[in-house]
Amino acid sequence: MNVLNFVNAFFSDSAHWHGYDGIPQRLLEHVQYTLLALGIAAAIGLPVGLLTGHTGRGGNAVAFVATAARALPSFGLLVLIAVVVGIGLLPVMIPLVVLAIPPILVTTYEAVRSVDPAPVDAARGMGMHESSILFRVELPVALPLVLSGLRSAAVQVVSTATIAAYVSLGGIGRYIIDGLYQRNYEKVVGGATLVALLALVTLAAFWAVGRLAVSPGVRRR
Amino acid sequence: MDSVTKRYPDGTVAVDRLTLEIPDRSITVLVGPSGCGKTTTLRMINRMVEPTEGTITLDGADLQRQPVTALRRSMGYVIQNAGLFQHRTILDNIATVPRMIGWGKQKSRERARELMERVGLDASLAKRYPYQLSGGQQQRVGVARALAADPPVLLMDEPFSAVDPVVRKGLQDELLRIQDELGKTIVFVTHDIDEAIKLGTMVAVMRTGGRLAQYAPPAELLSDPADDFVEDFLGADRGIRRLSFFASEGLQLTTAPVVRVDATAEQLAAPDAPYLLVTDVEGRPLGWSEPRDLTAGDIAAERLLPYGRPFVPGTDSLRAALDCAVLSPTGWAVAVDGDGRVTGVASQQTIGEAIRTAHGAADGRTAGPGTDGDRPAGAAGIAKAAP
């Protein structure tokens with residue numbers, strides 16, 4: 001039996017399409033974990049990145065935090081926190097947020113830093129407030145890069161959110177972990193395929209957001 | 001500006017005890033080599049840079065006591081490379097300040113459209129983005145954006161340095177035309193002395209170390225440079241350039257050697273001149289010829305010597321008149337009226353006399369260098385004509 005047979009068998013089994021262990025339910029859980037983790041990471045990474053990028057201060061601290069966070073293994077963190085606080089959503093969210101912050105923070109910082117200083121000087125010279133300069137002059141121009149940071153964070157979180165199943169939560173990881181335990185490779189391959197598809201859908205979603213949110217003057221098309 | 005100094009924490013002095021009175025409703029140019037503090041001086045006016053010592057007052061009010069955003073909104077600001085917002089359309093770029101001070105979308109855009117026309121931008125560009133425009137067009141947008149909220153003061157920091165010479169000349173002419181219509185108080189920074197002389201009503205020459213070398217109208221700068229530094233900075237041909245400030249109006253013209261293409265043999269023989277200027281029946285110049293080469297009733301324009309570029313007395317300066325005479329193969333300059341009809345001709349010698357007369361008149365009127373108090377505004381009586 002090859003991989004395609006596994007995939008075919010997994011998706012054509014009607015039992016996989018209903019109930020609490022059905023694909024729609026697991027997908028929904030997976031998307032919820034991803035959005036929650038990404039939301040928390042963005043709520044921390046975006047403001048800090050925008051502010052440090054605008055003022056140009058704290059660049060070293062940003063780089064340090066990002067490197068340190070990248071060095072933490074998500075799986076190790078999950079087990080460690082699960083042991084400390086017990087099983088639940090928290091041990092899943094912490095590693096995912098830690099994973100998502102560095103790409104968001106560093107890219108946002110770099111994106112704002114690299115905005116042409118001339119329009120910023122012009123805006124300041126015409127009496128624009130600093131907050132307006134950040135949100136109306138720098139951010140629109142930095143937006144493609146900021147979005148790319150969010151996008152890589154999102155894709156990483158989508159694939160890593162499978163670890164939620166390890167601490168008895170749902171998500172697509174359920175298929176992979178249960179399948180491995182049950183030696184049901186059809187389930188393992190099916191779950192992996194779903195994760196890959198979800199990552200592609202995420203990329204497509206960011207492409208669409210970029211088309212809508214980025215000014216044609218910045219896209220140069 | 002009263003004894004204004006800008007010293008940076010590392011001890012560098014960018015501007016050193018600068019005292020300058022900038023006249024209302026005219027163009028004051030700050031010029032000097034790089035590192036002379038001219039940009040710092042400009043940026044202290046809208047408080048992008050805060051002076052270390054000294055005070056800057058505008059209409060008697062100390063700038064330091066005014067809220068900084070309100071101050072900046074009352075002054076248009078134009079920088080090199082324009083600094084346009086690339087995510088906004090041309091129209092929205094120009095409408096920035098009106099929107100900021102709460103004019104409303106409709107009114108701001110109407111105003112922006114009006115300004116596009118004023119700075120010579122085609123209305124079809126309104127919906128374009130900055131990257132779709134040439135450097136010169138972008139700079140026009142920069143000027144329009146600065147003028148949008150109708151500020152009484154305009155600060156321009158090397159606005160035309162990044163465009164090619166032909167476009168730069170167009171922008172300079174446009175600025176002079178706009179200034180004629182609007183009468184703003186403009187402070188203009190440049191490193192180009194020709195630009196300073198062309199645009200400035202008053203020119204402040206600054207030297208490295210942030211010191212003022214000379215503050216005078218351009219004609220006075222050319223006639224009486226304060227020291228070797230200013231003279232060096234003006235360049236070798238300041239005598240020729242000074243002629244730009246003398247009107248060609250009083251130039252003695254003669255119509256004696258001018259003949260029409262359908263002149264009779266007697267008319268051709270009458271003038272006692274080495275060369276005759278032949279015009280068409282409407283009086284427009286065709287070319288020069290020696291009298292013996294002309295036959296009545298058979299004058300072919302293509303056999304005539306070219307007459308070079310004519311000048312317009314009253315509009316053009318003595319520099320233009322001299323240029324015409326130098327370029328003319330006969331050494332005579334052709335004067336025409338606004339419709340291109342010949343009003344007379346002048347020899348190099350006549351122009352030379354006019355130059356000496358003009359020099360005498362100017363030196364008699366302007367006070368010598370080193371005198372304090374009010375500088376003669378535009379060296380009274382000397383018309384500033386386009387070179």
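The values are calculated or read from the model by the stated rules, or taken from the named source; none is laboratory data. As the structure is a prediction and not an experimental result, all values here were calculated from the model. Because the Cβ atoms are built from the backbone with ideal geometry, glycine has one as well, and the counts that use them run over all protein chains shown. When the accessible area is computed, the model is the full protein with side chains, heavy atoms only, and any ligands, DNA or RNA have been set aside. Shrake-Rupley method; radii C 1.70, N 1.55, O 1.52, S 1.80 Å.
For this structure, a couple of remarks:
- Residue ID - farthest from residue B:95 (Cα to Cα), chosen from residues in segment A:99-136 that are more than 10 Å from chain B (Cβ to nearest Cβ) and of a type in the set (S, T, N, Q): A:107
- Any hit, segment B:23-34, residues being closer than 16 Å to residue B:205 by Cβ, of a type in the set (Gly, Ala, Ser), in contact (Cβ under 8 Å) with a residue 24 or more places away in the chain and open to solvent by 40 Å² or more (accessible area, probe 1.4 Å): yes
- Complete set of residues in segment B:142-155 that are buried (at least 23 other Cβ atoms within 10 Å of the Cβ) and more than 11 Å from chain A (Cβ to nearest Cβ): B:143, B:144, B:154
- Residue match in segment A:178-197 (condition: within 17 Å of residue A:38 (Cα to Cα), of a type outside the set (Lys, Arg) and either within 13 Å of chain B (Cβ to nearest Cβ) or in contact (Cβ under 8 Å) with a residue 24 or more places away in the chain (or both)): yes
- Residues of segment B:204-223 classified as farther than 24 Å from residue B:44 by Cα and in contact with an Asp or Glu (Cβ under 9 Å, 6 or more places away or on another chain), total: 1
- Annotation: residue A:42 fulfils all but one of (1) surrounded by fewer than 20 Cβ atoms within 10 Å (Cβ to Cβ); (2) under 25 Å from residue A:171 (Cα atoms); the unmet one is (1).
- In this structure, residue A:124 qualifies as without any contact (Cβ under 8 Å) to a residue 24 or more places away in the chain, part of a helix (DSSP H, G or I), surrounded by 19 or more Cβ atoms within 10 Å (Cβ to Cβ) and not β-branched (Val, Ile, Thr).
- The residue that is nearest to the chain's Cα centre (by Cα), among those in segment B:126-138 that are within 12 Å of chain A (Cβ to nearest Cβ) and buried (at least 20 other Cβ atoms within 10 Å of the Cβ), is B:138.
- Counted residues, segment A:163-185 - those being of a type outside the set (A, V, I, L, M) and surrounded by 20 or more Cβ atoms within 10 Å (Cβ to Cβ): 5
- Meeting the requirement of 2 or more residues that are surrounded by fewer than 18 Cβ atoms within 10 Å (Cβ to Cβ) and within 13 Å of chain A (Cβ to nearest Cβ), the helices (runs of 4 or more DSSP H) wholly within segment B:46-124 are B:68-73.
- Any chance residue A:96 is more than 14 Å from chain B (Cβ to nearest Cβ) and among the aliphatic types (A, V, I, L, M): yes
- Residues that are farther than 30 Å from residue B:207 by Cα number at least 2 in the following helices (runs of 4 or more DSSP H) confined to segment B:233-348: B:265-269, B:318-327.
- Filtered by the rule that a residue be out of contact with any helix residue (DSSP H, G or I) (no Cβ under 6 Å at 6 or more places or on another chain), aliphatic (A, V, I, L, M) and farther than 20 Å from residue B:199 by Cα, segment B:124-154 gives a lone residue, B:133.
- Selection from segment B:25-35 of residues that are outside any strand (DSSP E or B) and either touching a Lys or Arg at 6+ places or on another chain (Cβ under 6 Å) or among the aliphatic types (A, V, I, L, M) (or both): B:32
- Any hit, segment A:31-39, residues being among the aromatic types (Phe, Trp, Tyr) and not in a helix (DSSP H, G or I): no
- Any chance residue B:42 is within 30 Å of residue A:218 (Cβ to Cβ) and outside any strand (DSSP E or B): yes
- Which listed residue is in contact with a Gly (Cβ under 9 Å, 6 or more places away or on another chain) and free of Cβ contacts under 8 Å to residues at least 12 places away in the same chain, from B:70, B:61, B:14: B:70
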